[in-house]
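Visitor: Supplied in structure tokens, the structure appears directly below.
The values are calculated or read from the model by the stated rules, or taken from the named source; none is laboratory data. Keep in mind the model is a prediction, meaning the values are calculated, not measured. Please note: Cβ atoms are built from the backbone with ideal geometry, for glycine as well, and neighbour counts cover all protein chains shown. The accessibility values were calculated without ligands, DNA or RNA, using every heavy atom of the protein model including side chains. Shrake-Rupley method; radii C 1.70, N 1.55, O 1.52, S 1.80 Å.
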Amino acid sequence: MLTGAVFLIAIYLSGSYAALLFAVLLTVTVAASILIKKVNLSQRTSGVFRRLGRPGIQTVKLQGTILLLSGVLVTLLLFPRNIVYASVAIVAFGDSVATIVGVLIGKHKLPYSKSKTVEGTLSGLIAAFLGAMLFVTSFQAFLGAFGGMLIESAINLQTVKEASLKGMVKFFLNDNFLIPVFQLS
């Protein structure tokens with residue numbers, strides 16, 4: 001959630017240079033990911049670096065951040081500013097709240113997901129809707145929140161592992177990239 005709030009502020013403050021800012025941030029993050037992997041910093045340092053890539057689950061360090069930056073950058077390049085703000089709010093608030101509520105109080109698994117819960121998804125939908133309503137109409141906010149939470153609930157790390165797609169397509173099959181790019185369009 002904090003990352004999303006920082007991104008919203010950065011987009012606002014950087015004005016017409018927002019796409020350039022996110023392109024630079026993406027480049028730096030990709031370089032850091034490569035450096036961490038190449039030097040194998042995660043094995044030589046404290047738990048901070050070990051958690052950067054979800055060891056055993058993700059092979060790319062900083063994958064979530066790279067995908068979120070990519071999604072925001074694509075959205076900045078394709079859509080008007082209010083849609084960009086709403087998209088970032090949906091992924092920041094919806095995804096975060098869905099995870100927190102799903103882990104803490106989620107009891108009813110979604111029929112199409114081994115790890116996602118009804119409680120998490122519904123709370124994420126509400127949070128995403130409320131966040132998006134700050135920037136777009138309530139109808140647009142609902143459609144974006146609904147689409148975003150549908151993607152968030154259907155796509156998880158297991159989906160990526162089981163996908164028959166290769167290389168970059170596997171990498172980008174992630175809610176941090178797909179939610180800001182495909183909702184509200």
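Visitor: Could you give the nm distance between label points at Ile105 and Ile34, where each point is 7 Å from its Cα heading toward the beta carbon?
Guide: That separation, rounded to one decimal, is 4.6 nm.
Visitor: Assuming 0.36 nm per residue, please report the length gained on full extension of the stretch Asn82 to Phe142 beyond their Cα-Cα distance. Don't skip to the answer; put the middle values down first.
Guide: On the way: separation 60, 0.36 × 60 = 21.60 nm, distance 1.46 nm.
Result: 20.1 nm gained on full extension.
Visitor: How far apart, in nm, are two points set 7 Å out from the Cα along the Cα-to-Cβ line at Ala5 and at Leu130?
Guide: For Ala5 paired with Leu130, the spin-label model returns 1.4 nm.
Visitor: What does the accessible area per residue of segment 55-107 come to in Å², with a 1.4 Å probe and no ligands, DNA or RNA counted?
Guide: Values: 2200 Å² over 53 residues.
I get 41 Å² per residue for segment 55-107.
Visitor: Could you give me the radius of gyration and the Dmax of segment 84-147, taking only the C-alpha atoms into account and expressing both in angstrom?
Guide: Both quantities, over Cα of segment 84-147: 11.7, 34 Å.
Visitor: Okay, moving on. Cβ neighbours within 10 Å, averaged per peptide: list 131-140, 61-70, 23-32 in order, most packed at the top.
Guide: Details: 131-140: 17.6, 61-70: 22.2, 23-32: 14.6.
The packing order, highest mean first, is 61-70, 131-140, 23-32.
Visitor: Using modelled backbone amide H atoms (1.01 Å from N, in-plane), which distant-in-sequence or interchain residues come within less than 5 Å of Thr117's amide H?
Guide: Answer set, sorted by chain and number: Leu110.
Visitor: Mind jotting down a quarter of the surface of the convex hull over the alpha carbons of segment 63-106, in square nanometres, one decimal? Before the final figure, lay out the partial values.
Guide: Values: hull surface 13.2 nm².
Computing the convex hull of the Cα atoms and averaging its projections yields 3.3 nm².
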